[in-house]
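Report on the following structure.
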Amino acid sequence: MDCILRDENAIYYECGYSSDNALYLRLGSEAWLITDSRYTVEAREAARDAEVVEASDLLKAARSLLRSRAVKRVVYDPKDWSVAAMRGLETKLPHIRFAPVPDLSHRKRMIKRDDEIALLKRAAELGREGFDTFARYLETGGLGSREKRLHFEAEAAMSHRGEYALSFDPIVAINANAAKPHALPTDLTLKKGDLLLVDAGLRYRRYCSDRTRTAFVGESVHFGDAQRFASPRIQKAYDLVRKAHDTAIARARAGMTGAQIDRLAREVIEKGGMGEAFVHSTGHGVGLDIHEMPYISKRGTTVVEDGMVFTIEPGVYFPGEFGIRIEDMVVMRNGRAEVL
């Protein structure tokens, strides 16, 4: 399939190297990685199965290669291209049809190879270690700290003090701020008796981890599944979310659609009387990108197969009060979901 790629992770998947200024072009059995002089030394060392082309104008170099080959149709992902960049190809190469294929690379990457699953598992393990490190900080020096400081410390803990890049900007939210699924850090300070929601992950050899825990801040702090809150209302909500999380993982099967797996978790929360508080999807694929296919949502039509890696992350949110989310990454293996 003749294609042109612009997304950094899509390019990395194809040739083992990418940068923030690169194009990947495949025409038949030939492939080129086009980048500028800042990256060509590294590219020639790391790229596989692609000729490295140095260019100050990437689109011009791509057009030159396309003109030199008898090609009539090239596919691309419209989500990765600006209108201006694609017009820079289409208007000057009118004899070629540029065919949009949404999620082109994500579809190709949905079923992970064994080596990719191993990298994702290691990322998840390192992410769990980061949570443990952050819990120790909370016990020894976290009380009285603002969310902004807690956010800083979570970044340090999750990155293993800079050893690894993060998958995304961590979410660290106390009490009412946790009612915002993607809360930003505020000046709220942490004290005993608080609820603390932490959503964070790291990258291991470019592959992402993603984990969320909601914890009670008492004499000790841990991010295990068993939590005991002082408020009966919060405890009821927490137990319901945990049941939804565990049920979806236990009952998910290969051959189900994303919507059917989403329903496993959503039905538990609805039956518990908190359905309206579950405001997002049950999960999403994880790989080189933190959000990939398959999407475990009400609209998820993808049939889940062995080798797919995705999150299970039900949650409930009560604005002005509190929010709860529990999230783990799973791989579909031998027809069942296995926690990484």
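In terms of Cα to Cα distance under 19 Å, which lysines are near enough to K112, apart from those fewer than 8 places away along the same chain?
Within the straight-line limit of under 19 Å, K112 reaches these lysines: K121.
I need the calculated FRET efficiency for the pair A226 and D114, taking r as the beta carbon distance and R₀ as 30 Å, to the nearest 0.05.
Between A226 and D114 the formula returns 0.40.
If packing is taken as the average number of other Cβ atoms within 10 Å across a peptide's residues, how do 248-261, 199-212 rank, most packed first?
Order by mean packing, descending: 199-212, 248-261.
If you average the sequence gap of Cα pairs under 8 Å that are 6 or more apart and divide by the length of the chain, what percent do you get for the contact order?
14 percent
Could you check the spin-label model distance between N334 and L184? Points 7 Å from the Cα along Cα→Cβ, value in nm.
It is 4.7 nm.
Which value in nm describes the separation of the simple spin-label points at R299 and E219, placed 7 Å from the Cα toward the beta carbon?
About 5.0 nm, to one decimal.
Please give the calculated 222 nm ellipticity per residue for the chain, where each DSSP H segment of at least 4 residues contributes -39500 (n - 2.57) and the sum is spread over every residue; nearest 500 deg cm²/dmol?
Only helices count here, giving -10000 deg cm²/dmol.
Going Cα to Cα from K191, which aspartates and glutamates come in below 14 Å? Please leave out same-chain ones fewer than 8 positions away.
E139, E147, E219
How much net charge surrounds T40 when only other residues with a Cβ under 12 Å from its Cβ are counted (Lys, Arg +1; Asp, Glu -1)?
Net local charge, T40 excluded: -3.
Please order M1, M293, M332 by the number of other Cβ within 10 Å, starting at the fewest.
The fewest-first ordering by Cβ neighbours comes to M1, M293, M332.
Just rank E42, E54, E116, fewest to most, by other beta-carbon atoms within 10 angstrom.
With the fewest neighbours first, E42, E54, E116 line up as E42, E54, E116.
Note the listed values [x] 71, 41, 35; [y] 54, 49, 43; [z] 58, 50, 35, then indicate which one is Cα extents along the principal axes in Å calculated from this particular structure.
Derived directly from the coordinates: [x].
Grab the other residues whose beta carbon is less than 12 angstrom from that of R67, score K and R as +1, D and E as -1, and report the net.
Every neighbour counted, the sum reads +4.
According to a simple spin-label model (label point 7 Å from Cα along Cα-to-Cβ), what is the distance in nm between D36 and E125?
4.0 nm
With a Förster radius of 35 Å, plug the Cβ-Cβ distance of R253 and S64 into 1/(1 + (r/R0)^6) and report the FRET value to the nearest 0.05.
0.10
Going by how many other beta carbons lie within 10 Å of each one, how would you line up H222, H95, fewest first?
Result, fewest neighbours first: H95, H222.
So, by mean Cβ neighbours within 10 angstrom, what's the order for 262-268, 45-51, 100-106 with the highest one leading?
Ranking, from highest mean packing down: 262-268, 100-106, 45-51.
Report the gain in length on full extension from E45 to H95: 0.36 nm times residue separation, minus Cα-Cα distance, nm rounded to one decimal.
Contour length minus Cα-Cα distance gives 14.5 nm.
Bear in mind that the values in this text are calculations on the coordinates, not laboratory data. Note that this is a predicted model, so its numbers are computed, not measured. Cβ: placed from backbone, ideal geometry, glycine included. Neighbour counts: every protein chain shown.
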